[in-house]
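Take a look at the structure below.
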Amino acid sequence: RIEQINGLLDLAAGEAERCLNTSLAMRTWDFFVMNNLGGLYSLTNNHKKSVFYLEQALQFEDAAPTTWAALGEAHEKWGVTRWLVAHQSGIDQQQAWIARAEDSWRKALEAFETFLRENSAAPQAGYVRQSVERLRGWLRGEGRPPPGSKVPRTAVVD
């Protein structure tokens, strides 16, 4: 059943991506399209694209403050993917991947802290505060994701 569900999710994500890219092709460059593409790519673990589109979304005057939290989450997930790849790579590449993971986590922390400065009373603030504490721990080398965990099925590794 999981394979069937994954197949349906992949189809739905593909359709959403086609619709949003059609908007881009029609020159509909607005917060909504950029933010939703960023969110979609975060859900499908294409972190590079997710971060790109969320950063674009934040350039719009009508950008929703929650986009900072989404950007933090995208960077955090990218860092986790890089961390897991580090532990599946040869020892000569491991330190480079760990450095990439830590860079992603620092960027996540920055985005989350920006969100909290501007939205400390938002409903998501509690979750974001937990994320900030988790990332601070990871950057100190504490409680990092288990190295033997699998890289997400749909992750684009870069």
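Things worth noting here:
- For the stretch 85-99, the set of residues classified as touching a Phe, Trp or Tyr at 6+ places or on another chain (Cβ under 9 Å) and either buried (at least 23 other Cβ atoms within 10 Å of the Cβ) or in a helix (DSSP H, G or I) (or both) consists of V85, A86, W97, I98, listed by residue number.
- Applying the condition of being in a helix (DSSP H, G or I) and over 21 Å from W83 (Cβ atoms) to the stretch 112-126 and asking which residue is most open to solvent (accessible area, probe 1.4 Å) yields R117.
- Being out of contact with any Ser or Thr (no Cβ under 6 Å at 6 or more places or on another chain), open to solvent by less than 40 Å² (accessible area, probe 1.4 Å), in contact (Cβ under 8 Å) with a residue 24 or more places away in the chain and outside any helix (DSSP H, G or I) is a description that does not apply to A69.
- Within the stretch 128-148, the set of residues being in contact (Cβ under 8 Å) with a residue 60 or more places away in the chain and open to solvent by 50 Å² or more (accessible area, probe 1.4 Å) comprises R144, P147, G148.
- In the stretch 55-66, the residues that are part of a helix (DSSP H, G or I) and either surrounded by fewer than 23 Cβ atoms within 10 Å (Cβ to Cβ) or in contact with a His (Cβ under 9 Å, 6 or more places away or on another chain) (or both): E55, Q56, T66
- Scanning the stretch 29-43 for residues that are open to solvent by 40 Å² or more (accessible area, probe 1.4 Å) and either in contact (Cβ under 8 Å) with a residue 40 or more places away in the chain or closer than 22 Å to V151 by Cα (or both) yields one hit, L43.
- For L109, the stated conditions do not hold, so it cannot be described as surrounded by 15 or more Cβ atoms within 10 Å (Cβ to Cβ) and over 28 Å from Q88 (Cα atoms).
- Here R129 fits the description: assigned to a helix (DSSP H, G or I) and more than 16 Å from the chain's Cα centre (by Cα).
The values are calculated or read from the model by the stated rules, or taken from the named source; none is laboratory data. Please read these numbers as outputs of a predicted model, since none were measured by experiment. Backbone-built Cβ (ideal geometry, glycine too); neighbour counts: all protein chains shown. SASA here: full protein model, heavy atoms, side chains in, ligands and nucleic acids out. Shrake-Rupley method; radii C 1.70, N 1.55, O 1.52, S 1.80 Å.
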